[in-house]
Amino acid sequence: MISEKINQIINEQINKEFYSGYLYLSMSANLHEIGLFGFASWLKIQAKEEVEHGLRLLDYLLERNSYVTLQQIRTPEFEFNGVISVFNTLYEHEKCITNAVMQIAKLAEEECDRQTLSFIDWFIEEQTEEEQQVKSIIKRLEIFGEDKVALYLMDKELAGREA
Ligand code: FE
Ligand code: CA
(Lines give C-alpha, C1' and ligand atoms only; values in the text may rest on other atoms or scores of the structure.)
(Ligands and ions follow the chains in the order given, each with its own letter.)
Protein backbone atom coordinates (compact mmCIF):
# COMPACT_ATOMS: atom_id res chain seq x y z
CA MET A 1 0.00 0.00 0.00
CA ILE A 2 1.13 3.54 -0.67
CA SER A 3 1.87 6.15 1.99
CA GLU A 4 -0.62 8.67 3.35
CA LYS A 5 1.24 11.53 1.64
CA ILE A 6 1.24 9.84 -1.76
CA ASN A 7 -2.42 8.97 -1.32
CA GLN A 8 -3.22 12.60 -0.57
CA ILE A 9 -1.26 14.10 -3.46
CA ILE A 10 -2.80 11.66 -5.95
CA ASN A 11 -6.30 12.39 -4.65
CA GLU A 12 -5.55 16.08 -5.14
CA GLN A 13 -4.35 15.36 -8.66
CA ILE A 14 -7.63 13.56 -9.45
CA ASN A 15 -9.40 16.78 -8.51
CA LYS A 16 -7.03 18.85 -10.66
CA GLU A 17 -7.67 16.65 -13.69
CA PHE A 18 -11.43 16.85 -13.28
CA TYR A 19 -11.10 20.60 -12.81
CA SER A 20 -9.10 20.70 -16.07
CA GLY A 21 -11.96 18.90 -17.76
CA TYR A 22 -14.37 21.47 -16.39
CA LEU A 23 -12.16 24.32 -17.56
CA TYR A 24 -11.84 22.90 -21.08
CA LEU A 25 -15.56 22.27 -21.19
CA SER A 26 -16.50 25.83 -20.19
CA MET A 27 -14.11 27.21 -22.81
CA SER A 28 -15.56 24.83 -25.36
CA ALA A 29 -19.06 26.10 -24.62
CA ASN A 30 -17.88 29.70 -24.96
CA LEU A 31 -16.31 29.12 -28.35
CA HIS A 32 -19.37 27.21 -29.47
CA GLU A 33 -21.53 30.18 -28.50
CA ILE A 34 -19.57 32.49 -30.81
CA GLY A 35 -19.70 30.02 -33.70
CA LEU A 36 -16.19 28.54 -33.59
CA PHE A 37 -17.53 25.00 -33.65
CA GLY A 38 -14.22 23.35 -34.57
CA PHE A 39 -12.34 24.94 -31.67
CA ALA A 40 -15.27 24.03 -29.42
CA SER A 41 -15.20 20.42 -30.53
CA TRP A 42 -11.42 20.17 -30.08
CA LEU A 43 -11.73 21.49 -26.52
CA LYS A 44 -14.60 19.16 -25.72
CA ILE A 45 -12.51 16.17 -26.79
CA GLN A 46 -9.70 17.51 -24.62
CA ALA A 47 -12.13 17.75 -21.70
CA LYS A 48 -12.91 14.05 -22.09
CA GLU A 49 -9.19 13.32 -22.09
CA GLU A 50 -8.85 15.17 -18.78
CA VAL A 51 -11.56 12.99 -17.27
CA GLU A 52 -9.57 9.97 -18.51
CA HIS A 53 -6.51 11.33 -16.70
CA GLY A 54 -8.54 11.58 -13.50
CA LEU A 55 -9.79 8.02 -13.90
CA ARG A 56 -6.28 6.73 -14.54
CA LEU A 57 -5.18 8.19 -11.21
CA LEU A 58 -8.26 6.84 -9.45
CA ASP A 59 -7.64 3.34 -10.80
CA TYR A 60 -4.03 3.51 -9.67
CA LEU A 61 -5.08 4.22 -6.08
CA LEU A 62 -7.44 1.27 -6.16
CA GLU A 63 -4.80 -1.01 -7.70
CA ARG A 64 -2.46 -0.12 -4.87
CA ASN A 65 -5.15 -1.02 -2.32
CA SER A 66 -5.35 2.60 -1.33
CA TYR A 67 -8.49 4.72 -1.10
CA VAL A 68 -10.14 7.47 -3.11
CA THR A 69 -11.39 10.73 -1.60
CA LEU A 70 -13.26 12.80 -4.15
CA GLN A 71 -13.33 16.52 -3.40
CA GLN A 72 -15.55 19.31 -4.66
CA ILE A 73 -14.67 20.57 -8.14
CA ARG A 74 -14.50 24.35 -8.19
CA THR A 75 -16.05 26.64 -10.79
CA PRO A 76 -13.76 27.11 -13.81
CA GLU A 77 -12.13 30.51 -13.67
CA PHE A 78 -11.31 32.40 -16.82
CA GLU A 79 -12.23 35.58 -18.60
CA PHE A 80 -13.29 35.26 -22.19
CA ASN A 81 -11.31 37.76 -24.26
CA GLY A 82 -11.19 36.04 -27.61
CA VAL A 83 -9.70 32.84 -28.95
CA ILE A 84 -6.01 33.52 -28.21
CA SER A 85 -6.78 34.42 -24.61
CA VAL A 86 -8.50 31.06 -24.16
CA PHE A 87 -5.42 29.18 -25.31
CA ASN A 88 -3.03 31.40 -23.37
CA THR A 89 -5.03 30.66 -20.22
CA LEU A 90 -4.90 26.96 -21.05
CA TYR A 91 -1.16 27.08 -21.61
CA GLU A 92 -0.63 28.63 -18.17
CA HIS A 93 -3.00 26.06 -16.71
CA GLU A 94 -1.17 23.13 -18.30
CA LYS A 95 2.14 24.44 -16.96
CA CYS A 96 0.62 24.35 -13.46
CA ILE A 97 -0.53 20.78 -14.09
CA THR A 98 2.96 19.81 -15.22
CA ASN A 99 4.31 21.31 -12.04
CA ALA A 100 1.77 19.34 -9.97
CA VAL A 101 2.79 16.11 -11.73
CA MET A 102 6.45 16.90 -10.99
CA GLN A 103 5.57 17.33 -7.32
CA ILE A 104 4.14 13.81 -7.30
CA ALA A 105 7.35 12.48 -8.87
CA LYS A 106 9.44 14.38 -6.34
CA LEU A 107 7.49 13.00 -3.39
CA ALA A 108 7.63 9.48 -4.79
CA GLU A 109 11.39 9.88 -5.17
CA GLU A 110 11.77 11.05 -1.58
CA GLU A 111 9.80 8.06 -0.39
CA CYS A 112 11.55 5.61 -2.74
CA ASP A 113 8.10 4.62 -4.02
CA ARG A 114 9.24 3.12 -7.32
CA GLN A 115 5.77 1.97 -8.35
CA THR A 116 4.39 5.51 -8.16
CA LEU A 117 7.48 6.82 -9.94
CA SER A 118 6.97 4.41 -12.78
CA PHE A 119 3.23 5.16 -12.88
CA ILE A 120 3.72 8.92 -12.97
CA ASP A 121 6.11 8.71 -15.94
CA TRP A 122 3.13 8.41 -18.25
CA PHE A 123 1.78 11.74 -16.95
CA ILE A 124 5.15 13.44 -17.35
CA GLU A 125 5.24 12.48 -21.02
CA GLU A 126 1.59 13.40 -21.44
CA GLN A 127 2.30 16.90 -20.09
CA THR A 128 4.98 17.42 -22.73
CA GLU A 129 2.30 16.71 -25.32
CA GLU A 130 -0.32 18.88 -23.60
CA GLU A 131 1.95 21.93 -23.43
CA GLN A 132 3.16 21.43 -26.98
CA GLN A 133 -0.26 21.07 -28.54
CA VAL A 134 -1.70 24.15 -26.82
CA LYS A 135 1.40 26.18 -27.67
CA SER A 136 1.24 25.17 -31.33
CA ILE A 137 -2.32 26.51 -31.53
CA ILE A 138 -1.21 29.78 -29.87
CA LYS A 139 1.69 30.20 -32.31
CA ARG A 140 -0.57 29.82 -35.30
CA LEU A 141 -3.24 32.11 -33.87
CA GLU A 142 -0.58 34.75 -33.25
CA ILE A 143 0.48 34.65 -36.88
CA PHE A 144 -2.88 34.63 -38.64
CA GLY A 145 -5.57 34.75 -35.94
CA GLU A 146 -6.58 38.27 -37.02
CA ASP A 147 -7.38 37.00 -40.49
CA LYS A 148 -10.95 35.73 -40.56
CA VAL A 149 -10.46 33.32 -43.43
CA ALA A 150 -7.44 31.76 -41.74
CA LEU A 151 -9.41 31.46 -38.51
CA TYR A 152 -12.22 29.79 -40.40
CA LEU A 153 -9.80 27.28 -41.94
CA MET A 154 -8.19 26.53 -38.60
CA ASP A 155 -11.62 26.03 -37.06
CA LYS A 156 -12.38 23.53 -39.82
CA GLU A 157 -9.07 21.76 -39.23
CA LEU A 158 -9.60 21.46 -35.47
CA ALA A 159 -13.06 20.06 -36.11
CA GLY A 160 -11.24 17.02 -37.52
CA ARG A 161 -9.77 15.97 -34.18
CA GLU A 162 -10.98 12.51 -33.28
CA ALA A 163 -11.80 11.36 -29.78
FE1 FE B 1 -4.55 16.22 -17.69
CA1 CA C 1 -3.15 14.63 -24.40
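The values are calculated or read from the model by the stated rules, or taken from the named source; none is laboratory data. Only a predicted model underlies this, so the values are computations on that prediction, with no experimental measurement involved. Please note: Cβ atoms are built from the backbone with ideal geometry, for glycine as well, and neighbour counts cover all protein chains shown.
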Which one is farthest from GLU63 (Cα to Cα), of the residues in segment 118-130 that are surrounded by 14 or more Cβ atoms within 10 Å (Cβ to Cβ) and within 11 Å of ligand 1 (Cβ to nearest atom)? GLU130
The listed residue being over 21 Å from GLU126 (Cα atoms) and modelled with pLDDT under 95, out of GLY38, GLY82: GLY82
If PHE144 passes every condition in (1) aromatic (Phe, Trp, Tyr); (2) touching a Lys or Arg at 6+ places or on another chain (Cβ under 8 Å); (3) more than 16 Å from ligand 2 (Cβ to nearest atom) but one, which one does it miss? (2)
Pull out all pairs, ordered by first then second residue, where Cβ-Cβ is under 6 Å, the residues are six or more apart or on different chains, the first lies in segment 123-134 and is more than 17 Å from GLN13 (Cβ to Cβ) and within 10 Å of ligand 2 (Cβ to nearest atom), and the second is outside any helix (DSSP H, G or I) and not charged (D, E, K, R). none
Please tell me if ARG64 is within 14 Å of ligand 2 (Cβ to nearest atom), surrounded by fewer than 21 Cβ atoms within 10 Å (Cβ to Cβ) and of a type outside the set (Val, Ile, Thr). no
Pairing a residue in segment 66-81 that is within 27 Å of ILE2 (Cα to Cα) with any residue that is among the β-branched types (Val, Ile, Thr) and part of a loop (DSSP other than H, G, I, E, B), where Cβ atoms lie under 8 Å and the two sit 6 or more apart in sequence or on different chains, gives SER66/ILE2
From the list GLU49, GLU110, pick out the single residue that is at pLDDT 95 or above and within 16 Å of ligand 2 (Cβ to nearest atom). GLU49
Per the list (1) on the phi > 0 side of the Ramachandran plot; (2) touching a helix residue (DSSP H, G or I) at 6+ places or on another chain (Cβ under 7 Å), residue check on LEU23 breaks on (1)
Those residues of segment 21-59 which are away from ligand 1 (no atom under 14 Å from the Cβ), in contact (Cβ under 8 Å) with a residue 12 or more places away in the chain and assigned to a helix (DSSP H, G or I), in sequence order: SER26, MET27, SER28, ASN30, LEU31, PHE37, GLY38, PHE39, ALA40, SER41, TRP42, LYS44
Provide a single number: the residues in segment 26-43 that are within 16 Å of ligand 2 (Cβ to nearest atom) and surrounded by fewer than 19 Cβ atoms within 10 Å (Cβ to Cβ). 0
What number goes with the only condition from (1) more than 30 Å from ILE34 (Cβ to Cβ); (2) out of contact with any Leu (no Cβ under 8 Å at 6 or more places or on another chain) that ALA105 does not pass? (2)
